[in-house]
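The values are calculated or read from the model by the stated rules, or taken from the named source; none is laboratory data. Keep in mind the model is a prediction, meaning the values are calculated, not measured. Here Cβ is always computed from backbone atoms with ideal geometry, including for glycine, and neighbour counts include all displayed protein chains.
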Ligand SMILES: [Zn+2]
Ligand SMILES: [Zn+2]
C-alpha cells in the first residue's frame, strides 16, 4: 500500500502549492508534535482543531490532522487570522495555540502578480504568478519554526462530540431537518429557515 506523507495529503486535498497551504501544514505539524502526536500516524479521534480563517491553510490543517467539519472536530472561528489551536478532548482542554508571527516574504508582490494574471489573462502572467507563489511557499517551508510561529499552551473549550441525530419533517416545507435544530411554533415543528421566515 502506498502511504502518503502528511504534506502529500495536504497537497492532494487542496490541489495546489501556495503559501497558505504551507503555513497550515507547518502549523499542524507543530501543534501535533506539541501534543505528543505523530502527523504521519493517525492523529487520534479525540483531537480537536480550531482554525481562525477560511483560507488555504484550513485545508492543510484538515488533511494533516484528519479533523473535519463533518466530524465536528474542526471549528472555524473566522477572524481572518493565521491562528491554529490544537487540543485533545482526553487531555481535559489542554491545547496548543500556534500563531504566525513572521511577515510572509514577498506577499505584496504576489498580490500584484495575481491581479495582473486576473486582469490580463495570458500564459506569461499566469506563469509569473505561479512561479512567485511557489517561490514564497518554498521559503516558508524552509523557515525555522521559531521564526514562523509563536507556540504556546492554552486551555480550550472542546466542542460537543458528533452523535447520531434524529430527523424530523418540517411542518412547513416538508424537508427533513435534524431534530435538535427544529423550533416548535404553535405546535408545528419547523426547520430554522421556516421558523425564521
Ligand atoms: Zn491555496
Ligand atoms: Zn422548513
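Some observations on this one:
- Helices (runs of 4 or more DSSP H) wholly inside the range 1-85 that include at least 1 residues being within 16 Å of ligand 2 (Cβ to nearest atom), touching a strand residue (DSSP E or B) at 6+ places or on another chain (Cβ under 9 Å) and modelled with pLDDT of 95 or more: none
- Filter pass, residue 119 being more than 30 Å from residue 72 (Cα to Cα), more than 16 Å from ligand 1 (Cβ to nearest atom) and either assigned by TED's automatic domain parsing to the domain that holds residue 72 or touching a helix residue (DSSP H, G or I) at 6+ places or on another chain (Cβ under 6 Å) (or both): no
- Lone qualifier among 133, 188 - being more than 21 Å from the chain's Cα centre (by Cα) and not assigned by TED's automatic domain parsing to the domain that holds residue 6: 188
- Residues of the range 98-130 that are assigned to a helix (DSSP H, G or I) and touching a residue at least 60 places away in the same chain (Cβ under 8 Å): 107, 110.
- Boolean, residue 114 is touching a helix residue (DSSP H, G or I) at 6+ places or on another chain (Cβ under 9 Å), away from ligand 2 (no atom under 16 Å from the Cβ) and at pLDDT below 95: yes
- Counted residues, the range 42-71 - those being farther than 19 Å from residue 89 by Cα and without any contact (Cβ under 8 Å) to a residue 12 or more places away in the chain: 0
- Residue match in the range 151-174 (condition: within 16 Å of ligand 2 (Cβ to nearest atom), more than 30 Å from the chain's Cα centre (by Cα) and surrounded by fewer than 11 Cβ atoms within 10 Å (Cβ to Cβ)): yes
- Applying the set (1) closer than 22 Å to residue 144 by Cβ; (2) assigned by TED's automatic domain parsing to the domain that holds residue 156 to residue 75 leaves exactly one unmet item: (1).
- Tallying residues that are more than 24 Å from residue 81 (Cα to Cα) and surrounded by fewer than 16 Cβ atoms within 10 Å (Cβ to Cβ) within the range 100-125 yields 7.
- Scanning the range 26-41 for residues that are surrounded by fewer than 16 Cβ atoms within 10 Å (Cβ to Cβ) and touching a residue at least 60 places away in the same chain (Cβ under 8 Å) returns no hits.
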